[in-house]
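S.K.: Attaching a single structure in structure tokens format; questions to follow.
The values are calculated or read from the model by the stated rules, or taken from the named source; none is laboratory data. Here the structure is a predicted model, which is why all the values come from computation and not from measurement. Glycine gets a Cβ as well: all are built from the backbone with ideal geometry, and neighbour counts include every protein chain shown. Keep in mind that these areas ignore ligands, DNA and RNA; they rest on the heavy atoms of the full protein, side chains included. Shrake-Rupley method; radii C 1.70, N 1.55, O 1.52, S 1.80 Å.
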Amino acid sequence: MYSTLKRIMIGRPIPSSEAGHQRLIKIIALAVFASDAISSTAYATDEILKTMFEHHGGAAAFAKLVPIAIIVAILLAIVTLSYRQTIFAYPSGGGSYVVSRENLGVTPSLVAGASLLTDYILTVSVSVAGGVLAITSAFPSLSSQRVPICLGFVALMTVANLRGVKESGRIFAGPTYVYTISLLILIAYGLYQSYAGHIGTLPVPERLHELEQNTQVLGLFILLRAFSSGAVALSGVEAISNGVPAFQKPESKNAAATLTWMAIILGTTFFGVSLLAHRLKPFLGTDDSGLSIMAAAVFGKGAMYYVLQFSTFAILILAANTAYNGFPLLSSIIAQDGFLPRQLANRGDRLVYSNGVLVLAGFAALLLVAFGGKVTALIPLYAVGVFTGFTLSQAGMVVHHKRLREPGWKTRAALNALGAAATGTVLLVVLVSKFAIGAWIPAAIIPMIVVLFKAIGRHYKKVRQFTEVPEGWKPRHYTHTVVVLVGSVNKGTLEALQYARSLAPDRLLAVSVIGDPHEKEKLDKSWTEHKLSIELHTIYSPYRELTRPILQYLDELDAESDDDLITVVIPEFVLTGWYSQILHNQSALALKARLLFRPHTVVTSVPILVD
């Protein structure tokens, strides 16, 4: 039943030999890896305005919007040029984690890894919450169901990504391009109408008139907070450098071209939306998005308005796909380095790191529930991880260029140093300006994740040291004692005794736990009737326990010899029908669970299949 359901939802397994055919062409890769960055145009401008509206309710709140957008666009250009270098220098993927590991050391790389993983979890939460906001803006009656709708889309994205990178990319390519084209039409047509005088400044809603009268001067601190809110437009830029191996050959060339196109689309649309907002001055309500307000003004509530709203919803939901590709890939690299559980390094049936997909979905769902599925509540958590990764990556590339000293290295190192200084400054701005409203959470969680990474790394190192074979080491000789656990004399018991004889132990005995003298008498009689020559020991258990008396008996055997190896043979009836299992007490399973942690003890089941 489980296998059938899994095949229906996820699809047939893909052999490892087909891994090369699952790689992405550029037009699909742009939708897969750039949807997060491009989708940020749907909320980044809104976040700048909301920050300024808190302190200046009038139209003057729009005055600094275009300068902030220009600064963000310049920062985008610097980061993009830097990550193009990373793509060619480290074509195996891993982004800032690998760059930091190779050039800055273990601890900086773990900080970068923790920052990126945190960023990916927040990407899913913010993208899904933003997509649902686009729908509730068009249909306000759905606002009360925001969290269940968010969780439903997380589940949908999880299943789609478990089906494989190539298949999910085909599904998500269409909405990404529909959104991009619709947004460009809105920007071009809206700016034309504005500059031609066909549409003016939008009216101030009645509920905001009072706020407009009580304004304050926008100080530097507020402008910095507004800038840090808009800087989330850069989220997702690093995803392509993390996923270079997912591209068709030549991987680095295709990834770099895709990154360039992503930056051009993102920079153009973000600046265009900010300029249009500066011209139209949309005052944002609790459940309205800036795009929704401006699209209604430019297109009216006609077909084009709903195309933009639904494509905005779609790309914001699908922007989470960037994280669904980046998080499993990055977590697999960290797991291979021994700082995350090894299960995260394993590919599933569809050649995706399915365990990483499930972990990402679980944490994102928790965040959506904890913050009520609200974009504004999640945004302050977002930028810390993004710009920590940016800063460490570019600082690592400076060291990389100095170490290799390839032709033109000074120019490239200078560019990376400029990028590290710029993104490091933004990181400080985010921490200072948003610390009290949520930035403290990732600032506290990222070091905790690093501590967890190091604890896992120490564990794996300890295991490796314990299992290493020193020069000249030989396994010690053991006296082999085999104990067959007996409940009654039946086919299973006889099969287990025969198997125990085949081991040729130094000592062979059978042990039975009894609750009263009548049971012992019955077992002795059966033992005699079947002419069994193996010595039989009975343990009296007045409280009807099974595992404790057996463990105590094994301890007594151990005390007789210092070099004793005990093999416990358990006859076990296995029923082929799952529904029949509930009719049996599973005592063999309980015994094996307890004996697994006992030193110098081997546990063997002799199964008897009952059809």
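S.K.: Any idea which residue in the stretch 209-231 is modelled with the lowest pLDDT, counting only those that are part of a loop (DSSP other than H, G, I, E, B) and open to solvent by less than 90 Å² (accessible area, probe 1.4 Å)?
M.R.: Narrowing the stretch 209-231 to residues part of a loop (DSSP other than H, G, I, E, B): 214-219.
Filter once more, so that each one left must be open to solvent by less than 90 Å² (accessible area, probe 1.4 Å): 215, 218-219.
Numbers: THR215: 48, LEU218: 53, GLY219: 63.
My answer is THR215.
S.K.: Testing ALA239 on (1) under 20 Å from MET294 (Cβ atoms); (2) modelled with pLDDT under 80; (3) surrounded by 23 or more Cβ atoms within 10 Å (Cβ to Cβ); (4) not acidic (Asp, Glu), one condition comes back false. Which one is that?
M.R.: Unmet for ALA239, out of (1) under 20 Å from MET294 (Cβ atoms); (2) modelled with pLDDT under 80; (3) surrounded by 23 or more Cβ atoms within 10 Å (Cβ to Cβ); (4) not acidic (Asp, Glu): (1).
S.K.: May I ask you to verify whether SER194 is in a helix (DSSP H, G or I) and modelled with pLDDT under 80? Full working, then the answer.
M.R.: Numbers: in a helix (DSSP H, G or I): yes; modelled with pLDDT under 80: no.
Here the answer is no, as SER194 does not meet what is asked.
S.K.: Something else: What is the one condition in (1) more than 42 Å from the chain's Cα centre (by Cα); (2) part of a helix (DSSP H, G or I); (3) buried (at least 18 other Cβ atoms within 10 Å of the Cβ) that PHE453 does not satisfy?
M.R.: Against the list (1) more than 42 Å from the chain's Cα centre (by Cα); (2) part of a helix (DSSP H, G or I); (3) buried (at least 18 other Cβ atoms within 10 Å of the Cβ), PHE453 comes up short only on (1).
S.K.: Residues in the stretch 427-446 that are open to solvent by less than 70 Å² (accessible area, probe 1.4 Å) and free of Cβ contacts under 8 Å to residues at least 60 places away in the same chain: how many?
M.R.: Summing the residues that are open to solvent by less than 70 Å² (accessible area, probe 1.4 Å) and free of Cβ contacts under 8 Å to residues at least 60 places away in the same chain in the stretch 427-446 gives 5.
S.K.: Same structure again: Could you grab the pairs with beta carbons closer than 9 Å, sequence gap of 6+ or different chains, first residue in the stretch 67-85 and closer than 14 Å to ALA255 by Cβ, second one of a type in the set (S, T, N, Q) and surrounded by fewer than 22 Cβ atoms within 10 Å (Cβ to Cβ)?
M.R.: Close Cβ pairs (under 9 Å, with a partner that is of a type in the set (S, T, N, Q) and surrounded by fewer than 22 Cβ atoms within 10 Å (Cβ to Cβ)) amount to THR80/THR260; ARG84/THR260.
S.K.: Now, a different point. Exactly one condition in (1) of a type outside the set (Asp, Glu); (2) over 30 Å from ARG225 (Cα atoms); (3) open to solvent by 10 Å² or more (accessible area, probe 1.4 Å) is false for PHE371; which is it?
M.R.: Only one criterion in (1) of a type outside the set (Asp, Glu); (2) over 30 Å from ARG225 (Cα atoms); (3) open to solvent by 10 Å² or more (accessible area, probe 1.4 Å) is unmet by PHE371, namely (2).
S.K.: Here is a follow-up. Can you find even one residue in the stretch 271-280 that is at pLDDT 90 or above and in a loop (DSSP other than H, G, I, E, B)?
M.R.: Looking for residues that are at pLDDT 90 or above and in a loop (DSSP other than H, G, I, E, B), one finds none in the stretch 271-280, hence no.
S.K.: Then there is this: Among the residues of the stretch 76-93, is any in a helix (DSSP H, G or I), open to solvent by 40 Å² or more (accessible area, probe 1.4 Å) and among the small types (Gly, Ala, Ser)? Before the answer, list the steps.
M.R.: So in the stretch 76-93, the residues in a helix (DSSP H, G or I) come out as 76-89.
Next cut, open to solvent by 40 Å² or more (accessible area, probe 1.4 Å) only: 77, 81, 84, 88.
Applying the additional criterion that residues be among the small types (Gly, Ala, Ser) yields 77.
The answer is yes; a qualifying residue exists.
S.K.: For the stretch 400-419, name all the residues that are of a type in the set (Gly, Ala, Ser) and in contact (Cβ under 8 Å) with a residue 40 or more places away in the chain. I'd like the intermediate steps shown before the answer.
M.R.: Here is the first cut: in the stretch 400-419, the residues of a type in the set (Gly, Ala, Ser) are 408, 413-414, 417, 419.
Answer for the stretch 400-419, where residues must be of a type in the set (Gly, Ala, Ser) and in contact (Cβ under 8 Å) with a residue 40 or more places away in the chain: just GLY419.
S.K.: From PHE363, PHE327, grab the single residue that is within 13 Å of the chain's Cα centre (by Cα) and open to solvent by less than 40 Å² (accessible area, probe 1.4 Å).
M.R.: Values: PHE363 fails: open to solvent by less than 40 Å² (accessible area, probe 1.4 Å).
So the residue among PHE363, PHE327 that is within 13 Å of the chain's Cα centre (by Cα) and open to solvent by less than 40 Å² (accessible area, probe 1.4 Å) is PHE327.
S.K.: Which numbered condition in (1) closer than 23 Å to ALA323 by Cα; (2) in contact (Cβ under 8 Å) with a residue 12 or more places away in the chain; (3) part of a helix (DSSP H, G or I); (4) open to solvent by 10 Å² or more (accessible area, probe 1.4 Å) is the only one that GLY152 fails?
M.R.: Status for GLY152: all satisfied but (2).
S.K.: Of all residues in the stretch 409-426 being open to solvent by 20 Å² or more (accessible area, probe 1.4 Å) and β-branched (Val, Ile, Thr), which is nearest to the chain's Cα centre (by Cα)?
M.R.: Here the residue is THR425.
S.K.: Select the helices (runs of 4 or more DSSP H) contained entirely in the stretch 1-69, then report the ones holding at least 2 residues which are touching a Leu at 6+ places or on another chain (Cβ under 9 Å) and at pLDDT 80 or above.
M.R.: 26-39, 44-53
S.K.: Being more than 30 Å from LEU291 (Cα to Cα) and surrounded by 24 or more Cβ atoms within 10 Å (Cβ to Cβ) is the requirement here; does SER125 meet it? Break it down stepwise before answering.
M.R.: Values: more than 30 Å from LEU291 (Cα to Cα): no; surrounded by 24 or more Cβ atoms within 10 Å (Cβ to Cβ): yes.
The answer is no for SER125.
S.K.: Check off (1) open to solvent by 10 Å² or more (accessible area, probe 1.4 Å); (2) out of contact with any strand residue (DSSP E or B) (no Cβ under 9 Å at 6 or more places or on another chain) for LEU234 and give me the number that stays unchecked.
M.R.: It fails just one condition, (1).
S.K.: Out of the residues in the stretch 128-145 meeting the condition of being closer than 20 Å to THR158 by Cβ and modelled with pLDDT under 80, tell me which one is most open to solvent (accessible area, probe 1.4 Å).
M.R.: ILE135
S.K.: Could you list, in sequence order, all residues of the stretch 301-337 that are of a type in the set (D, E, K, R) and over 27 Å from ILE456 (Cα atoms)? So that I can check it myself, show each step before the final result.
M.R.: Just the residues of the stretch 301-337 that are of a type in the set (D, E, K, R), to begin with: 301, 337.
Answer for the stretch 301-337, where residues must be of a type in the set (D, E, K, R) and over 27 Å from ILE456 (Cα atoms): just LYS301.
S.K.: Go through (1) at pLDDT below 80; (2) over 30 Å from ALA436 (Cβ atoms); (3) buried (at least 20 other Cβ atoms within 10 Å of the Cβ); (4) out of contact with any strand residue (DSSP E or B) (no Cβ under 9 Å at 6 or more places or on another chain) one by one and return the number of the condition ALA246 breaks.
M.R.: That leaves (4) as the condition not met.
S.K.: Looking only at the stretch 117-137, count how many residues are touching a helix residue (DSSP H, G or I) at 6+ places or on another chain (Cβ under 6 Å) and closer than 17 Å to ALA444 by Cβ. Don't jump to the end; show me each part of the working.
M.R.: Looking only at the stretch 117-137, we keep the residues that are touching a helix residue (DSSP H, G or I) at 6+ places or on another chain (Cβ under 6 Å), and these are 118-137.
If we keep only those that are closer than 17 Å to ALA444 by Cβ too, we end up with 118-119, 121-122.
Number of matching residues: 4.
S.K.: Within the stretch 481-594, considering only helices (runs of 4 or more DSSP H) that don't extend past its boundaries, which have at least 1 residues that are over 13 Å from VAL606 (Cβ atoms) and open to solvent by 40 Å² or more (accessible area, probe 1.4 Å)? Let's see the steps before the verdict.
M.R.: Values: elements: 491-502, 517-529, 547-560.
Result: 517-529, 547-560.
S.K.: Step by step: first the residues of the stretch 298-311, then only those that are over 16 Å from PRO140 (Cβ atoms) and touching a helix residue (DSSP H, G or I) at 6+ places or on another chain (Cβ under 6 Å), then the one that is surrounded by the most Cβ atoms within 10 Å (Cβ to Cβ). Which residue is that?
M.R.: The residue in question is LEU308.
S.K.: Please determine whether any residue of the stretch 198-208 is at pLDDT 80 or above, in a helix (DSSP H, G or I), on the phi < 0 side of the Ramachandran plot and β-branched (Val, Ile, Thr). Steps first, answer last, please.
M.R.: Of the residues in the stretch 198-208, the ones at pLDDT 80 or above are 198-199.
Narrowing further to those that are in a helix (DSSP H, G or I): none.
No, because not a single residue in the stretch 198-208 is at pLDDT 80 or above, in a helix (DSSP H, G or I), on the phi < 0 side of the Ramachandran plot and β-branched (Val, Ile, Thr).
S.K.: With the requirement that a residue be at pLDDT below 85 and either in contact with a Phe, Trp or Tyr (Cβ under 7 Å, 6 or more places away or on another chain) or surrounded by fewer than 23 Cβ atoms within 10 Å (Cβ to Cβ) (or both), what does the stretch 330-353 give you?
M.R.: Answer for the stretch 330-353, where residues must be at pLDDT below 85 and either in contact with a Phe, Trp or Tyr (Cβ under 7 Å, 6 or more places away or on another chain) or surrounded by fewer than 23 Cβ atoms within 10 Å (Cβ to Cβ) (or both): ASN346, ARG347, GLY348, ASP349, ARG350, LEU351.
S.K.: Additional query: Looking at the stretch 325-377, which of its residues are more than 23 Å from SER127 (Cα to Cα), touching a Ser or Thr at 6+ places or on another chain (Cβ under 7 Å) and assigned to a helix (DSSP H, G or I)?
M.R.: Residues satisfying the conditions are LEU344, ALA345.
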